[in-house]
1. Kirkwood hydrodynamic radius, computed over distinct alpha-carbon pairs, for the stretch 4-46: how many Å, to one decimal?
2. Net charge near PHE74, counting Lys/Arg +1 and Asp/Glu -1 over other residues with Cβ under 11 Å of its Cβ?
3. With every protein chain kept in place and ligands, DNA and RNA left out, what is the accessible area per residue of the chain? Probe 1.4 Å, answer in Å².
4. Convert 20 °C to kelvin, take the viscosity as 1.002 mPa s, use the Kirkwood radius over C-alpha pairs of the stretch 65-148 as Rh, and evaluate the Stokes-Einstein diffusion coefficient in µm²/s, rounded to a whole number.
5. Beyond 13 Å, what share of the Cα-Cα pairs of the stretch 83-123 remains, rounded to the nearest whole percent?
6. Would you mind computing Rg(Cα) / (2.2 N^0.38 Å) for the stretch 1-113, counting N as its residues?
7. Given the rule -39500 (n - 2.57) for each run of at least 4 DSSP H residues, summed and divided by the residues of the chain, what is its mean residue ellipticity at 222 nm, to the nearest 500 deg cm²/dmol?
8. Measure off, as a whole percent, the carbon and sulfur share of the 1.4 Å-probe accessible area of the stretch 1-124, all protein chains present.
Amino acid sequence: MTIPADRIYSLEGKGLKLTTAEDIAPYLEELRNFENLEEIRMNGNTIGAEAAKALADVLRTKNTLKVATLHDIFTSRLKDEVKESVIAICEALSELPELIELNLSDNAFGPLGAAAMADFLKQHTGLQVLKLNNNGLGIHGGTTIAQA
């Protein structure tokens, strides 16, 4: 699937450290004003729990979103913070009927992250592509994902 460039919002590879709602606010304003969004690319930045919750609040309003590229967004974050972030983002994404692809690779969230996204996977049956490479899921995390 090819998405036109004018329907993609990207902060890809900018190396931003977005910890608080205030840190991410300027980008969320751009995102709020982005019409007909079909893909978001946040990879290559680090997003904390507070910023993730603020991002989730905006994402849940983007009903045309089809692809969420969120790999490598939790670098240097603590496990509990990552779990909170995954829950917030997945809860928002579960409300988006057009979403067909989610990439959460390279986030090293382990079994905690898998558990955090299990409800999303159970609810969002329209998802066609799920990328979870290099997350340290292990047997428990893999089983959680498979059972969801």
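The values are calculated or read from the model by the stated rules, or taken from the named source; none is laboratory data. All values derive from a computational prediction rather than experimental measurement. A quick note on method: Cβ atoms are made from the backbone with ideal geometry, for glycine too, and the neighbour counts reach across all protein chains shown. Areas reflect the complete protein model, heavy atoms only, side chains present, ligands, DNA and RNA absent. Shrake-Rupley method; radii C 1.70, N 1.55, O 1.52, S 1.80 Å.
1. On the way: mean 1/r = 0.0916 Å⁻¹.
Final number for the Kirkwood radius of the stretch 4-46 is 10.9 Å.
2. Details: positive: ARG77, LYS79, LYS83; negative: ASP72, GLU81, GLU84, ASP106.
Surrounding charge for PHE74 is -1.
3. Details: 7300 Å² over 148 residues.
I get 49 Å² per residue for the chain.
4. Values: Rh = 12.5 Å.
Approximately 171 µm²/s, per Stokes-Einstein.
5. Working: 417 of 820 pairs.
The calculated P(r) of the stretch 83-123 puts 51 percent of pairs beyond 13 Å.
6. Details: Rg = 12.8 Å, N = 113, 2.2 N^0.38 = 13.3 Å.
It is 0.97.
7. Working: 5 runs with 62 residues, N = 148.
Computed ellipticity for the chain at 222 nm equals -13000 deg cm²/dmol.
8. Working: 2620 of 5650 Å².
Carbon plus sulfur share of accessible area: 46 percent.
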